[in-house]
Amino acid sequence: MDWAIDVRGLTHRFGDGGLAKPVLEDLTLAVAPGEIVLLTGPSGSGKTTLLTLVGALRAVQEGSCRVLGTELAGATEAERVALRRRIGFIFQHHNLLGFLTARQNVAMALELDPSLDEAERLARADAALASVGLADKTEAYPATLSGGQRQRVAIARALVHAPGLVLADEPTAALDGRTGGETMHLLRDLAKQQGRTILLVTHDPRILDIADRVVAMEDGRVVERAHA
Ligand SMILES: Nc1ncnc2c1ncn2[C@@H]1O[C@H](COP(=O)(O)OP(=O)(O)OP(=O)(O)O)[C@@H](O)[C@H]1O
């Protein structure tokens with residue numbers, strides 16, 4: 001099987017090497033293409049660290065971490081940058097740029113694709129915004145949108161470049177329960193339509209039902225793999 005994510009024996013430490021207790025310890029996790037996996041577990045169990053390693057945002061220290069076919073152990077910064085371009089990221093705080101409209105924020109994710117001209121980028125951004133129900137907000141600035149609308153813009157931005165993988169870190173943390181649930185169901189529906197793989201870190205029990213699989217972490221290890 002060509003896994004979207006194939007992590008084996010991953011160990012990660014912060015601080016001064018040998019003596020520090022690992023934040024991730026001999027962790028193994030495989031995610032199939034098109035699968036939606038939610039990662040839960042107590043604060044400090046290493047979820048965000050795992051997400052940043054899979055997202056090629058930090059260097060692998062020990063073990064194997066294959067993402068979309070790229071081995072990140074021993075990868076160069078250029079290889080990590082190339083992989084990051086194939087991933088869509090969604091953060092707790094939408095991370096939209098306040099001086100850009102919704103359309104410009106989404107189109108930015110396409111700027112690295114030299115095959116697209118400006119008109120094509122904007123057209124794709126509009127289509128992505130329409131797919132999250134924001135066809136009438138393309139010219140809106142983030143400050144004029146609600147929290148749920150901003151996170152939907154962030155979803156459009158994460159999906160617009162047809163990423164092989166979407167990584168999300170606590171995407172509902174800044175939203176009320178109902179809005180968080182609606183937003184994540186929308187993400188799930190779009191991901192399923194488009195065949196995207198998702199790894200999503202959450203503390204929010206109300207969104208566990210969007211998962212194909214819920215993986216629980218504790219002390220840097222996977223402790224439970226439950227089917228949702
Ligand atoms: N850059 C860093 N330098 C030193 N220690 C760090 C760093 N980042 C994280 N840690 C430590 O690593 C441990 C795991 O952190 P991590 O953020 O991965 O956990 P988490 O499960 O995502 O927690 P939370 O649910 O609170 O976000 C914590 O004890 C944290 O303090």
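The values are calculated or read from the model by the stated rules, or taken from the named source; none is laboratory data. What you see is a predicted model, and the numbers here were worked out from it, not measured in a lab. Glycine gets a Cβ as well: all are built from the backbone with ideal geometry, and neighbour counts include every protein chain shown.
Would you confirm whether or not segment 18-39 contains a residue that is assigned to a strand (DSSP E or B), under 15 Å from the mean Cα position of the chain (by Cα), within 11 Å of the ligand (Cβ to nearest atom) and at pLDDT 95 or above? Yes; the residues of segment 18-39 include at least one that is assigned to a strand (DSSP E or B), under 15 Å from the mean Cα position of the chain (by Cα), within 11 Å of the ligand (Cβ to nearest atom) and at pLDDT 95 or above.
Each residue in segment 181-210 was checked for being crowded, with 22+ Cβ neighbours inside 10 Å and of a type in the set (Lys, Arg), and 1 pass. Evaluation of residue 178 against the conditions (1) more than 16 Å from the ligand (Cβ to nearest atom); (2) surrounded by fewer than 17 Cβ atoms within 10 Å (Cβ to Cβ); (3) in contact (Cβ under 8 Å) with a residue 24 or more places away in the chain shows that the sole unmet condition is (3). Scanning segment 45-70 for residues that are in a loop (DSSP other than H, G, I, E, B) and hydrophobic (A, V, I, L, M, F, W, C) yields 56, 57, 59, 60, 68.
The numbered conditions (1) within 14 Å of the ligand (Cβ to nearest atom); (2) among the hydrophobic types (A, V, I, L, M, F, W, C); (3) touching a residue at least 40 places away in the same chain (Cβ under 8 Å) are all true for residue 5 except (1).
Scanning segment 73-80 finds no residues that are touching a residue at least 60 places away in the same chain (Cβ under 8 Å) and touching a helix residue (DSSP H, G or I) at 6+ places or on another chain (Cβ under 9 Å). Entry remark, segment 50-64: residues being closer than 18 Å to residue 215 by Cβ and either in contact (Cβ under 8 Å) with a residue 60 or more places away in the chain or among the basic types (Lys, Arg) (or both) number 4 in total. Taking the conditions (1) under 18 Å from residue 166 (Cα atoms); (2) outside any helix (DSSP H, G or I); (3) not acidic (Asp, Glu) in turn, residue 73 satisfies each one other than (1).
Pull up segment 57-82, narrow it to residues that are more than 16 Å from the ligand (Cβ to nearest atom) and among the aliphatic types (A, V, I, L, M), then point me to the one that is surrounded by the fewest Cβ atoms within 10 Å (Cβ to Cβ). Within segment 57-82, the match that is surrounded by the fewest Cβ atoms within 10 Å (Cβ to Cβ) is 78.
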